[in-house]
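The values are calculated or read from the model by the stated rules, or taken from the named source; none is laboratory data. Predicted, not measured: the structure shown is a model, and the values here were computed from it. All Cβ positions, glycine included, derive from the backbone under ideal geometry; neighbour counts span all protein chains shown.
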Amino acid sequence: MSSGNAIIQVSGLSKCYQIYGRPQDRLRQAIVPRLQRLAGRPPVCYYQDFWALREVSFEVGYNETVGIVGRNGSGKSTLLQLICGTLSPTAGKVETHGRIAALLELGAGFNPEFTGRENVYLNAAVLGLSQDEIRGRFDAIAAFADIGPFIDQPVKTYSSGMVVRLAFSVAINVEPDILVVDEALAVGDELFQRKCFSRIEALKAGGTTVLFVSHSGSTVVELCDRAILLEGGELLAMGSPRHIVGHYQKLLYAPPDRRPALLDEMRTGEKASTQAGMRLATAAQAEAPHPEMETAFFDPNLQPLSTLSYESIGAAIETPRITTEAGEPVNCLVRGQTYRYRYGVRFAKAATQVRFAMLIKTMTGLAVSGTRSAPSLGEALPFVEAGAYLEAVFEFVCRLNPGTYFLNAGVLGTDGGEEFFLHRLVDACAFRVLPVSGDTATEIANLCQFVSHHER
C-alpha cells in the first residue's frame, strides 16, 4: 500500500516502560544519578527497561478493517493507545488522518456525578463534536443506549451494563473516520453485542476504517480484511485473517518448549511476504492454510480455574483426566482422533443403581455433548459396596473445531427410587482442540463434509 492511500501510518514505533523493583527506587532514580553526574561518576540506574513494543511498522488503508491478535502481554493495547494518542511513543511515529473514536475502556471518561446526558455532551466534545452536532445526534445516541429515563440520572446510579451501553453509543455515533476497538464487544449481553456488531458493520459500509483487537479468532476472520500478529512487542506476521489467526492459534496452543522454534519459523516464513502483507488484502489473494499440529500432547498449564465441586453424598470423584487410547495423558487434542475421558470414584457409603456421567461444554458454557454409562436405572450398576473404588471410562472421537472446551464429571445413585448426584464436578478438566490444516469446517463441531456440485 502506498502512503498516499493510508489513513494510519505506523513507522518504527517503540514504547519502553521503566520498571522499578521497589517504590523508593523511583525517588533514588530522580536524585542519585544527577548527583553522580555532578561528581563525575557514572550514574547508577535503579530501573529495568521493559519494551512493550519494538520497531513496529505498518499501514492501514481507507475503509479497511484490520484485526490485531496476540497473546496476553504482546503489546496490542499499547499499540492502540499509541495510535489513539493517549500514550506517547519512545521512538518512531504514528500518523492518522481524520476523527478517531476509541472503544478502549468503555465509560472510563465518565464523571459519576454527572447525568448520562451531561456525560454524552462531555465525551462527544472530547471526541471533537461541536455543541450543535451533539444536539443533532443526541436522540440517536440515547436510542442506541436504550437506558430510558436513566439518561437524566447521575452515572453513579447506573449498572455496569448501562455505563457500557451509553459509552459505546457515544463512540459510534460521532461518525468517526477511524474506529478503534479493544475487546469492548466482549461486554454486555448477547443482544447488545449483536447490536454493536451490526452498528460496526454499518460504519464499515459507510467507509469507516476499523482497528479491531480480539482474542476470538473467528470474530477476526469474520470482520477483518487483514490481520496483524504481535508477540512480545514484535510485529511477527501480517496477512489474511485466516492465515494470521492460524499462526496465532498455533503459537497459543504450542507447548512452552516449542514456542521459540515456532517464533523463528514464523519470522523466517513471513520475511519474504512482508511487502505483500503491507498491501490491502483482496478476495483474489490466495489464503494460506491453517498451520497444523498432528500430535496430541499434555500442557501442564492448561488447568481449569473454574472447577466447582458439589457436595459429596457418599462418593467422591478423583483424578479426572483425558488420555489417548494407549493411556497417555493429553489435553491438547487433534480433531478426528479417539480419546478417553477417565475419572475414579471412591465410595464412602454403599450405593444402589449407580450411573456415571460426563458433559463437554464450550468456553461460554454451551453444552456440546454428554452421555451416561447406562440408558436407564434398570441397566445401572445395581449395588456398589462401601469402600469400593471404580474408574469410569468414556470414549469419544474428537469432532470439535479448534478451541478450548471443558468437561464435567458426575456419579449418580438412587434412594427410594429417586435418582440424584452422589458427587459432581463442574469444569473438572479443560482441553484444547488444535488447529487443522486446510480447514473448511465452521461453528463448534465438524459434522458435515462437502461432496460435490453438478448440473442437473
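Conditions (1) touching a Phe, Trp or Tyr at 6+ places or on another chain (Cβ under 8 Å); (2) at pLDDT 80 or above; (3) farther than 30 Å from GLN303 by Cβ, marked per residue:
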site	(1), (2), (3)
TYR248	no, yes, no
LEU252	no, no, no
PRO255	yes, no, no
ARG259	no, yes, no
LEU262	no, yes, no
THR268	no, no, yes
LYS271	no, no, yes
THR274	no, no, yes
ARG279	no, no, yes
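When THR362, THR352 are checked against the criterion of being surrounded by 11 or more Cβ atoms within 10 Å (Cβ to Cβ), touching a Phe, Trp or Tyr at 6+ places or on another chain (Cβ under 9 Å) and more than 26 Å from GLY327 (Cα to Cα), THR352 stands alone in meeting it. The residue of the stretch 357-385 that is farthest from the chain's Cα centre (by Cα), among those that are assigned to a helix (DSSP H, G or I) and free of Cβ contacts under 8 Å to residues at least 12 places away in the same chain, is GLY378.
Checked against the criterion of being in contact with a Gly (Cβ under 8 Å, 6 or more places away or on another chain), under 27 Å from HIS215 (Cβ atoms) and assigned to a loop (DSSP other than H, G, I, E, B), the stretch 405-424 has no qualifying residue. State the number of residues belonging to the stretch 327-356 that are of a type in the set (S, T, N, Q), over 30 Å from GLU418 (Cβ atoms) and in a strand (DSSP E or B). The total comes to 1. Kindly indicate whether ARG194 is of a type in the set (Lys, Arg) and modelled with pLDDT under 80. Here the answer is yes, as ARG194 does meet what is asked.
I'm trying to understand the selection: among the residues of the stretch 432-456, which are part of a loop (DSSP other than H, G, I, E, B) and touching a residue at least 12 places away in the same chain (Cβ under 8 Å)?
Here is the first cut: in the stretch 432-456, the ones part of a loop (DSSP other than H, G, I, E, B) are 434-444, 446-456.
Answer for the stretch 432-456, where residues must be part of a loop (DSSP other than H, G, I, E, B) and touching a residue at least 12 places away in the same chain (Cβ under 8 Å): LEU434, PRO435, VAL436, SER437, GLY438, ASP439, ALA441, THR442, GLU443, ILE444, ASN446, LEU447.
Specify which of the listed residues (VAL32, VAL44) is in the same structural domain as GLU222 (by TED's automatic domain parsing) and part of a helix (DSSP H, G or I).
Working: VAL44 fails: part of a helix (DSSP H, G or I).
Result: VAL32 is the single residue among VAL32, VAL44 that is in the same structural domain as GLU222 (by TED's automatic domain parsing) and part of a helix (DSSP H, G or I).
Being within 20 Å of LEU390 (Cβ to Cβ), in the same structural domain as GLY410 (by TED's automatic domain parsing) and without any contact (Cβ under 8 Å) to a residue 24 or more places away in the chain narrows it down to one residue among THR319, THR323; which is it? First the steps, then the outcome.
Working: THR319 fails: without any contact (Cβ under 8 Å) to a residue 24 or more places away in the chain.
Going through THR319, THR323 in turn, the sole match is THR323.
Scanning the stretch 412-448 for residues that are out of contact with any Ser or Thr (no Cβ under 9 Å at 6 or more places or on another chain) and among the β-branched types (Val, Ile, Thr) yields a total of 2. Quick check on ALA380: is it within 14 Å of LEU425 (Cα to Cα), surrounded by 18 or more Cβ atoms within 10 Å (Cβ to Cβ) and assigned by TED's automatic domain parsing to the domain that holds ALA428? Spelling it out, it is not the case that ALA380 is within 14 Å of LEU425 (Cα to Cα), surrounded by 18 or more Cβ atoms within 10 Å (Cβ to Cβ) and assigned by TED's automatic domain parsing to the domain that holds ALA428.
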